[in-house]
Amino acid sequence: MATLFVADIHLSVQEPAITAGFLHFLRRQAAHADALYILGDLFEAWIGDDDPAPLHDEIAAALNALAQRGVPCFFIHGNRDFLLGKDFARACGMTLLPEERLLTLYDRPILILHGDTLCTDDLAYQRYRRRVNQRWLQRLFLALPLKWRLRIAGRMRADSQRANGAKSQTIMDVSPQAVVATLERYQAQWMIHGHTHRPAIHTLDIRGGSAHRAVLGAWHHQGSMVRVTRDSVELIEFPYN
Ligand code: OKV
Ligand code: MN
């Protein structure tokens, strides 16, 4: 009787060990859960559901097998796979959720989100996000031939890597004010997110008492999940195999 949360797996053909680790996690851990929530950045990049990469089919088949065995799977977009659409979600048998969702799990209200919207001090990133989140621009991008999209995306990733090297770690973390404001807006005592790659469970003060923020780790060298049961919220790191 547990619900599992993961984020920032950053699947790509360049990292077969991460793919193997994630497939192993689906079979060995997620298969026994009440539900699986993927809180964004399942993929390192996403340029349209029509991308014929074999990796996508492999992941869709594995997630679909999970859903068929009765484990519902939910997905919130990350900043990397924000273009992941209904067609791929259907192939995975997973439900797309809006960017923030207040769950009630085992009587505990928990707010879930990817986490990039909390990084309000990174003004350059927030500006970039507003730009690529425009519907008309996404439509235009998706209408381009796949080859052009691959080339544009590759260039955008190279530019971004250069920009992030120059940014301070504080700017790239969540803003404490944004965290408090978001929890108070939902009157929630728990929040689970990823994005920052700083796995931890923080306790903080909000209006009306204390609150907790569980941050998922990225799957760089091991897996990371949050496991919620009636009695506990645990952050768990585990090897790929
Ligand atoms: C994902 C990030 C690349 C960060 C492009 C419109 C536009 C979508 C896109 C192309 C890039 C996603 C979809 C990728 C995340 C980067 C670089 C930085 C900080 C357009 C809509 F503008 F070209 F018209 N893209 N890809 N970055 O390679 O997956 O998150 S991506
Ligand atoms: Mn992210």
Practice task
Please name all residue pairs, on different chains or six or more residues apart, with Cβ atoms under 6 Å, provided the first residue is in the stretch 190-213 and is closer than 13 Å to Val226 by Cα and open to solvent by less than 50 Å² (accessible area, probe 1.4 Å) and the second residue is at pLDDT 95 or above and charged (D, E, K, R).
Solution key: Met191/Arg213; Gly194/Asp8
Exercise for the section: Tell me, yes or no, whether the stretch 165-183 has at least one residue that is part of a loop (DSSP other than H, G, I, E, B), open to solvent by 50 Å² or more (accessible area, probe 1.4 Å) and aliphatic (A, V, I, L, M). Expected result: yes
Exercise for the section: Could you tell me whether any residue of the stretch 107-119 is open to solvent by less than 50 Å² (accessible area, probe 1.4 Å), in a strand (DSSP E or B) and away from ligand 2 (no atom under 16 Å from the Cβ)? Expected result: yes
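Suppose we filter Ile47, Ile59 for residues that are in a helix (DSSP H, G or I), on the phi < 0 side of the Ramachandran plot and of a type in the set (Val, Ile, Thr); which single one remains?
Working: Ile47 fails: in a helix (DSSP H, G or I).
The unique qualifying residue is Ile59.
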Handout entry: Out of Thr182, Thr203, sole residue that is farther than 22 Å from Gln14 by Cα, more than 20 Å from the chain's Cα centre (by Cα) and among the β-branched types (Val, Ile, Thr)
Key = Thr203
Handout entry: Positions within the stretch 27-44 being of a type in the set (A, V, I, L, M, F, W, C) and part of a loop (DSSP other than H, G, I, E, B), in sequence order
Key = Ala33, Leu39, Leu42
Exercise for the section: Would you check if Ala53 is open to solvent by 10 Å² or more (accessible area, probe 1.4 Å), under 26 Å from Tyr106 (Cα atoms) and away from ligand 2 (no atom under 16 Å from the Cβ)? Expected result: no
Problem - Subset of the stretch 36-50 [more than 10 Å from ligand 1 (Cβ to nearest atom) and open to solvent by 10 Å² or more (accessible area, probe 1.4 Å)] - result: Tyr37, Asp49, Asp50
Exercise for the section: Tell me, yes or no, whether the stretch 137-146 has at least one residue that is among the small types (Gly, Ala, Ser), out of contact with any Gly (no Cβ under 8 Å at 6 or more places or on another chain), at pLDDT 95 or above and within 30 Å of Val228 (Cβ to Cβ). Expected result: no
Practice task
List every residue pair whose Cβ atoms sit under 9 Å apart, with the two residues 6 or more apart in sequence or on different chains, where the first one lies in the stretch 157-182 and is of a type in the set (Asp, Glu) and the second, anywhere, is open to solvent by 60 Å² or more (accessible area, probe 1.4 Å) and within 16 Å of ligand 2 (Cβ to nearest atom).
Solution key: Asp173/Asp121; Asp173/Arg198
Exercise for the section: Report yes if Ile59 is within 16 Å of ligand 2 (Cβ to nearest atom) and either modelled with pLDDT of 95 or more or surrounded by fewer than 16 Cβ atoms within 10 Å (Cβ to Cβ) (or both), otherwise no. Expected result: no
Exercise for the section: List the number of the failed condition for Leu144; all other conditions in (1) open to solvent by 50 Å² or more (accessible area, probe 1.4 Å); (2) away from ligand 2 (no atom under 14 Å from the Cβ) hold. Expected result: (1)
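Looking at the stretch 62-104, which of its residues are of a type in the set (D, E, K, R), assigned to a loop (DSSP other than H, G, I, E, B) and either over 13 Å from the mean Cα position of the chain (by Cα) or surrounded by fewer than 17 Cβ atoms within 10 Å (Cβ to Cβ) (or both)?
Passing the criteria: Arg69, Glu99.
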Problem - Members of the stretch 1-29 that are more than 22 Å from Pro98 (Cβ to Cβ), at pLDDT 95 or above and hydrophobic (A, V, I, L, M, F, W, C) - result: Ala2, Leu11, Val13, Ala17, Ile18, Ala20, Phe22, Leu23, Phe25, Leu26
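The values are calculated or read from the model by the stated rules, or taken from the named source; none is laboratory data. Values in this document were obtained by computation on a predicted structure and should not be read as measured data. Heads up, the Cβs are rebuilt from the backbone with ideal geometry, glycines too, and the neighbour counts pull from every protein chain shown. Remember, those area values only see protein heavy atoms, side chains included, never the ligands or the DNA or RNA. Shrake-Rupley method; radii C 1.70, N 1.55, O 1.52, S 1.80 Å.
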